[in-house]
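The structure under discussion appears below in the form of structure tokens.
The values are calculated or read from the model by the stated rules, or taken from the named source; none is laboratory data. Nothing here was measured: the structure is a model prediction, and the numbers come from that model. Reconstructed Cβ throughout: ideal geometry from the backbone, glycine too, with neighbour counts over all protein chains shown. For the accessible areas, the whole protein counts, side chains as well, though only heavy atoms, and no ligand, DNA or RNA atoms are used. Shrake-Rupley method; radii C 1.70, N 1.55, O 1.52, S 1.80 Å.
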Amino acid sequence: MRKRLYLLVPVLIAASLVASIAFGFPRKEAPAADAFREFERFSNAYRAILGNYVEEVDSRELVDAAIDAMFEQLDAFSTRMEPESYENLTIRTRGEFGGLGIQIGIRDDYPTVISPIEDTPAARLGIRGGDRIEEIEGENTLGWKIQDAVDLLRGPKGTQVNIGIRRPGIEVIIPFDITRDIIKVKSVPYTFLLEGDIAYLRCSNFGEKTAGEIQRAIHEMESRAKLKGMILDLRSNPGGLLDAACQVSDLFLDRGQLIVSAMGKSVPRTDYVARTSATFARDYPLLVMINGASASASEIVAGALQDWDRGLVVGLNSFGKGSVQRLFPDMAVSDRTYNQEDTGALKLTTSYYYTPSGRCIQRKKFDSKDFMESMGDMESDSLPESHFESMPLESLPRFSTLALGREVLGGGGIHPDFKVEERDFSDLALVLSGKASFFHYAMQELPKGEIALSYRADRQETRKFRSFLRKQEYDLDEFGEEDFEKERDFIASRIRFEMLYNQFGLKEAVRAGIGDDWELQEALRLIRKHKTLDGLLEAEESQP
């Protein structure tokens, strides 16, 4: 699986194409003779255009356009990368880049946030998984490829980019002015002992050191208390390295148990299995938290633990990004003097991931109009955005877990055993977050004196915040006193977070706000109520 395959583009010689294709032809689905005939059609069209079109055409531009058209027939993760985009990708893999801190994909022909990265400009302003980026610097993004958006969103540290977000259930586009920063991704930004004996681990991505960080954190908490439960928080975790997902799963599975399988048309099936016996969560219940922005490696871990009945999954349906991409240098076959600096790449989906029970993690798209017709007269605004790319609930395939034979749902992504809805935000809350008003208020107030970890924003503080908004001339005329009063608790919690974040750092700011985290509080309630994994399994009320 680690070997890099190379796709060699057909060579252009004068006005004809070489009749051989270096990357081969499909093996079973289409005989080689059929593929050659289709290639001959392409070759004839190419020769006809070069030889007979009324004006001169650039042969490279012509072939680039043809390749782009082929990729339009594939999934959103497969694309032709220009040399500059290819170089940007290599920069990202080095661990630092100037940007916003979001992972994006294509949904309904728009760039869409898969997940914000913890402790980045986007996350701090309230960008959420599922947010559709409809505008970048005033340009409508309909029909853009992922790389088109990435190229505009990335930039030098300290520069600003304006984006317009469309959020499900919100009628207007929400404007965000985001200042780019160097994105340094931490796998396990914080861990806590909740209520004295419940281990809580926040995992924000999967990198080379993730499993080691988790293992050390658990050992440290075990040295302080006899654990009675564990919560692995994978919400808004966009994924990362496959090896890291397998290593984390290995901490909870037994030697030889299947973690995930990768299968594709032109690559052999590859199974990844646990190499050691489970180290943790043997004598206490384990919950894995996910949401619609949990993707890729997060789904591998959640699916493996769910399928082997090692833990229950809590939250919302995950994103459904279970495909494997490989890079193939985009250069001529026989041009040995090809300028490597001008080399782009073809990024191609080559296989899908499957959980141990056989569920395909990749969410397959289908026509949203057909879906709405199948749902009758239900209003579209009442449905989560992710539903438009999944099948109706009654049509989802059923699978069985491998230890206890519990029913779990397929159809893309990981479906939770216990469904816990996220908090809905009002228009006022969204606007205040998008304008970074809490951040700017904290920056103004902190120089006036230090605060304690016990700091809370009382009514006097929220009134000062209102005065700050007026003085700074925030455009909030559409909101009245009643709107602010309804969101007073939210405003107070966000002020507290920003004040503590800037004084004490992310971990202490999060710790102080745990009581405001509805989904986490529900996970704690489940563990306290049922006490053991067997108790959780018996009490399971699956609501996919």
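Determine if the range 324-344 includes at least one residue that is modelled with pLDDT under 95, touching a helix residue (DSSP H, G or I) at 6+ places or on another chain (Cβ under 9 Å), within 22 Å of Val408 (Cα to Cα) and open to solvent by less than 40 Å² (accessible area, probe 1.4 Å).
No, every residue in the range 324-344 fails to be modelled with pLDDT under 95, touching a helix residue (DSSP H, G or I) at 6+ places or on another chain (Cβ under 9 Å), within 22 Å of Val408 (Cα to Cα) and open to solvent by less than 40 Å² (accessible area, probe 1.4 Å).
Restricting attention to the range 276-292, does a residue exist that is in contact (Cβ under 8 Å) with a residue 12 or more places away in the chain and basic (Lys, Arg)?
no
So which residues in the range 412-449 are at pLDDT 90 or above, assigned to a loop (DSSP other than H, G, I, E, B) and of a type outside the set (Val, Ile, Thr)?
Within the range 412-449, Gly412, Gly413, His415, Pro416, Asp417 qualify.
Only one of Ser433, Ser467, Ser493, Ser454 is in contact (Cβ under 8 Å) with a residue 60 or more places away in the chain and polar (S, T, N, Q). Can you tell me which?
Exactly one of Ser433, Ser467, Ser493, Ser454 is in contact (Cβ under 8 Å) with a residue 60 or more places away in the chain and polar (S, T, N, Q), namely Ser433.
I need every pair where a residue in the range 505-524 that is in a helix (DSSP H, G or I) has its Cβ under 7 Å from the Cβ of a residue that is surrounded by 15 or more Cβ atoms within 10 Å (Cβ to Cβ) and of a type in the set (S, T, N, Q), sequence separation at least 6 or different chains.
From residues that are in a helix (DSSP H, G or I), the pairs are Asp516/Ser493.
If you check every pair at least six apart or on different chains, which have Cβ atoms under 9 Å apart with a residue in the range 29-53 that is more than 16 Å from Ala66 (Cβ to Cβ) and of a type in the set (D, E, K, R) first and a residue that is surrounded by 12 or more Cβ atoms within 10 Å (Cβ to Cβ) and at pLDDT 90 or above second?
From the range 29-53, no pairs qualify.
Cβ contacts < 8 Å: first residue among the small types (Gly, Ala, Ser), restricted to the range 154-166; second residue crowded, with 19+ Cβ neighbours inside 10 Å and in a loop (DSSP other than H, G, I, E, B), any location; separation 6+ or different chain. Result?
Going by the 8 Å Cβ cut-off, the qualifying pairs are Gly155/Arg180; Gly158/Arg180.
Looking at the range 42-62 only, could you name the residues that are among the charged types (D, E, K, R) and within 22 Å of Arg80 (Cα to Cα)?
Asp58, Arg60, Glu61
Residues to consider are Ile117, Ile170, Ile133; find the one that is β-branched (Val, Ile, Thr), touching a Ser or Thr at 6+ places or on another chain (Cβ under 7 Å) and at pLDDT below 90.
So the residue among Ile117, Ile170, Ile133 that is β-branched (Val, Ile, Thr), touching a Ser or Thr at 6+ places or on another chain (Cβ under 7 Å) and at pLDDT below 90 is Ile117.
Only one of (1) touching a residue at least 40 places away in the same chain (Cβ under 8 Å); (2) open to solvent by 10 Å² or more (accessible area, probe 1.4 Å) is not met by Arg255, so which one is it?
So Arg255 meets the others, but not (1).
Starting from residues that are within 11 Å of Val431 (Cα to Cα) and part of a loop (DSSP other than H, G, I, E, B), keep the ones in the range 171-182 and report whichever is most open to solvent (accessible area, probe 1.4 Å).
Only one residue tops the list, namely Val172.
Would you pick out the residues in the range 113-150 that are under 21 Å from Ser78 (Cβ atoms), in a loop (DSSP other than H, G, I, E, B) and open to solvent by less than 30 Å² (accessible area, probe 1.4 Å)?
Of everything in the range 113-150, just one residue is under 21 Å from Ser78 (Cβ atoms), in a loop (DSSP other than H, G, I, E, B) and open to solvent by less than 30 Å² (accessible area, probe 1.4 Å), namely Thr141.
(1) at pLDDT 80 or above; (2) part of a helix (DSSP H, G or I); (3) farther than 18 Å from Trp144 by Cβ: which one isn't true of Ile91, the others all being true?
Failing condition for Ile91: (1).
List the number of the failed condition for Ala217; all other conditions in (1) touching a Leu at 6+ places or on another chain (Cβ under 8 Å); (2) not in a helix (DSSP H, G or I) hold.
(2)
Would you call Ser59 open to solvent by less than 40 Å² (accessible area, probe 1.4 Å) and either at pLDDT 85 or above or within 33 Å of the chain's Cα centre (by Cα) (or both)?
No.
Which count do you get for residues in the range 102-112 that are open to solvent by 10 Å² or more (accessible area, probe 1.4 Å) and over 9 Å from the mean Cα position of the chain (by Cα)?
Residues in the range 102-112 being open to solvent by 10 Å² or more (accessible area, probe 1.4 Å) and over 9 Å from the mean Cα position of the chain (by Cα): 5 in total.
Taking the range 236-253, which residues are part of a loop (DSSP other than H, G, I, E, B) and at pLDDT 95 or above?
Leu251, Phe252, Leu253
Checking Val185 against (1) in a loop (DSSP other than H, G, I, E, B); (2) open to solvent by less than 20 Å² (accessible area, probe 1.4 Å); (3) closer than 23 Å to Ser296 by Cα, which single condition isn't satisfied?
With respect to (1) in a loop (DSSP other than H, G, I, E, B); (2) open to solvent by less than 20 Å² (accessible area, probe 1.4 Å); (3) closer than 23 Å to Ser296 by Cα, Val185 is out only on (2).
Do the conditions hold for Phe497, that is, is it surrounded by 15 or more Cβ atoms within 10 Å (Cβ to Cβ) and within 20 Å of Asp427 (Cβ to Cβ)?
On the way: surrounded by 15 or more Cβ atoms within 10 Å (Cβ to Cβ): yes; within 20 Å of Asp427 (Cβ to Cβ): no.
Taking the combined requirement at face value, the residue does not satisfy it.
Do we find that His440 is touching a residue at least 12 places away in the same chain (Cβ under 8 Å) and under 30 Å from Glu407 (Cα atoms) in this structure? Explain how you work it out, then say what you get.
On the way: touching a residue at least 12 places away in the same chain (Cβ under 8 Å): yes; under 30 Å from Glu407 (Cα atoms): no.
In short, no.
Out of Arg107, Arg124, Arg154, report the one residue that is over 30 Å from Arg41 (Cβ atoms), of a type in the set (Lys, Arg) and at pLDDT below 80.
Of Arg107, Arg124, Arg154, the one residue that is over 30 Å from Arg41 (Cβ atoms), of a type in the set (Lys, Arg) and at pLDDT below 80 is Arg107.
I'd like the full set of residues that are in a helix (DSSP H, G or I) and either of a type in the set (Gly, Ala, Ser) or farther than 21 Å from Phe425 by Cα (or both), limited to the range 462-494.
Across the range 462-494, the qualifying residues are Lys464, Ser467, Phe468, Arg470, Lys471, Ala492, Ser493.
Identify, please: which residue in the range 215-252 is among the polar types (S, T, N, Q) and in contact (Cβ under 8 Å) with a residue 40 or more places away in the chain and is, among those, most open to solvent (accessible area, probe 1.4 Å)?
Taking the candidates together, the pick is Gln215.
Considering each residue of the range 402-454, count those that are of a type outside the set (A, V, I, L, M), open to solvent by less than 30 Å² (accessible area, probe 1.4 Å) and more than 30 Å from Val260 (Cβ to Cβ), and give that number.
Residues meeting the conditions: 6.
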